[in-house]
Amino acid sequence: MSDEPIYPHPQPYTPNFLRRIRRGLYSWFGLLNEWDFRVPVGALRFMGLHLLLVNDPAAVRQVMVSEVDQFPKHPFTLWMLEPLIGRGIFSVNGEEWAHQRRLLDQALQMAQLQRVLPQMVAACEASLVRLEGLADGRPIDADAEMTLVTADVIVRTILSRPLEGTEAEEIFAAFSRYQKRAGRALMLRFLRFPRRRLQGYLATHAAPIRAWIAAAIDARLADPDATADDLLGALLAARDPETGGGFSRDELVDQVCVLFLAGHETSASALAMAVYLLGRFPEVQQRLRAEVLEVLGSRAGAPDRPLGFEELRQLSYGAAVFNETLRLYPPLSFFIRESQADTELAGSRCPMRALVTLSPWVIQRHEQHWSEPHAFRPERFLTDTPGELSSADDRRWARDAFLPYGLGPRKCPGAAFAQQEALLVLAELVRRFEVLPDPEHEPELVARLTLRSRNGIRVRLVRRTPRSALAPEGPRMDAPEWQQNLVQP
Ligand code: HEM
């Protein structure tokens, strides 16, 4: 086995864009050539559309930070996501976006990381109970489990209630159909397929998700006594300091759809890849576990309670493991913007209305930015720890060529939330189980709305501690429904 974790290699260079589009129908990676990983800016013209792929860190900052108003989100983002998130914050621009961002920042501030931690812990404990029943060395699908735990976290945080079994399955199935079709629709749009038809096709898959979220919001709005201390409560209470206005009911449905999509698909993708890497690199897993035990050991009565708020902050190696996972497998592997005027990016012409792509997937594996770009080396991110192997270059690129959460004013407002959730889930996982690879399985990565594995992420778990209060007594649990297609007999 090579020492590098899985990496779908880019295709050899071809000037034939139609061939690339055909490959891209399946996964956005199909559009990329080897060459894209070497140049500061890649450019291509196709059917009157000017496409640019920007890798140069200074040009990336120009697009996302210093000249952000000149590069709003591309209209393709809006129409591709509109059936699912309406005019939610993720895809709109200008004052419409600024108003929503002021309200959302306020709501997230009200909800606070420390206050949402108990909800995260409850979802994590539910996940550990499910895994206890499967941790006897047989293969399980970590992708399915991480999708469930992150969806449970976001539902508990927004609505103060857990995600129930059957609703979870229906929602995941609808999401997965939407993901697959949205990526394909984007490629077909390049070929000038009519927008309305593509959107209608996507709307049928978005409908059950929107209906489920709208029903939960309506139930809350209909109850005059409901003052839940959750993210929905904070969204209802938020007021724009500039206009005094709040979210209307329809805007709330859009925002909660954004939070559900942005808050669980991304975290699920990153956590599933982190579990894959822990299984693949036992020495990293061991070091992470040692750090968790050391942090816990510093408090009396540690072993039987989950990690607390301050303890999670002490997991510097854990944070490095998660960052290196996000570098190699950024859940949002590309973002698209539209230039509003003729300009230049890193010496290349960027005409008005060009489609400008920024790709963490390419930049974070770019040969000119990272040494051994495809190797898994968490210590790159231990930049403040004396004696670690991170070099001056690593430190520089960790600052300039690392953008899993985006950059500038549109940077992810949920980054700290995601970091806390990921550290909790990974720390509790390695504390209780040994994660082993499944030698029979190689994940097949595809980039659609988020980076996912087409055939799941299979690992094996072995219990480290005897069955504790976490596990229900009794015979071995059968694989739950969401695992049954993937768990090997
Ligand atoms: C590992 C997990 C996550 C990753 C990698 C991630 C990544 C990103 C990225 C790259 C963007 C910017 C996209 C662009 O510039 O086009 C973004 C935006 C956003 N994210 Fe996240 N995200 C994560 C988790 C979350 C969570 C947990 C939440 C909510 C609780 C969230 C809410 C949002 C929202 C609302 C936006 C839109 C912001 C705006 O347009 O102003 N994300 N995310």
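Each reported figure results from applying straightforward, stated rules to the coordinates on display, with no laboratory input. These numbers were taken from a predicted model, which means no experiment stands behind them. For neighbour counting, all protein chains shown are included, and Cβ atoms are generated from backbone atoms with ideal geometry for every residue, glycine included.
Pull out a ≥ b ≥ c, the square roots of the eigenvalues of the alpha-carbon gyration tensor of the range 19-149, then state rounded if a/c is under 1.5, prolate if not and a/b is larger than b/c, and oblate in the remaining case. Oblate, because a/c is 1.5 or more while a/b does not exceed b/c. Candidate membrane-span-like segments in the chain, meaning DSSP H helices with Cα atoms spread over at least 24 Å of their own axis and a Kyte-Doolittle mean of -1.0 or above, are 94-111, 113-132, 142-159, 165-190, 195-222, 415-432, with no membrane implied. Annotation: amide H-H contacts under 5 Å for SER333 (H modelled 1.01 Å from N, sequence separation of 5 or more, or interchain): LEU451.
Note on GLU294/ASP218: beta-carbon distance plugged into 1/(1 + (r/R0)^6) with R0 of 35 Å gives a FRET efficiency of 0.15. Modelled label positions at LEU18 and ARG61, each set 7 Å beyond Cα in the direction of Cβ, lie 4.3 nm from each other. Protection proxy ranking, highest mean first, for peptides 104-113, 39-48, 419-428: 419-428, 104-113, 39-48, where packing is the per-residue count of other beta-carbon atoms within 10 Å, averaged. Note on the range 401-427 and the range 238-276: Cα centroid distance 13 Å, given to the nearest whole angstrom.
For the range 45-197, a simple Cβ point-charge model (Lys and Arg +1, Asp and Glu -1, everything else neutral) yields a dipole of about 960 debye relative to the Cα centre.
Residue order for CYS412, CYS350, fewest other beta carbons within 10 angstrom first, comes to CYS412, CYS350.
Roughly how far apart, in whole Å, are the Cα centres of the range 35-93 and the range 167-199? Cα centroid to Cα centroid, the span is 19 Å. Here's how it looks for ARG138: its modeled amide H is under 5 Å from those of LEU461, which are all 5 or more places away or on a different chain.
When each of the peptides 453-461, 93-101 is scored by the mean number of other C-beta atoms lying within 10 Å of its residues, the order from highest to lowest reads 453-461, 93-101. Close amide H partners of ASN455, meaning residues 5 or more places away or on another chain with modelled amide H under 5 Å apart, are GLU444.
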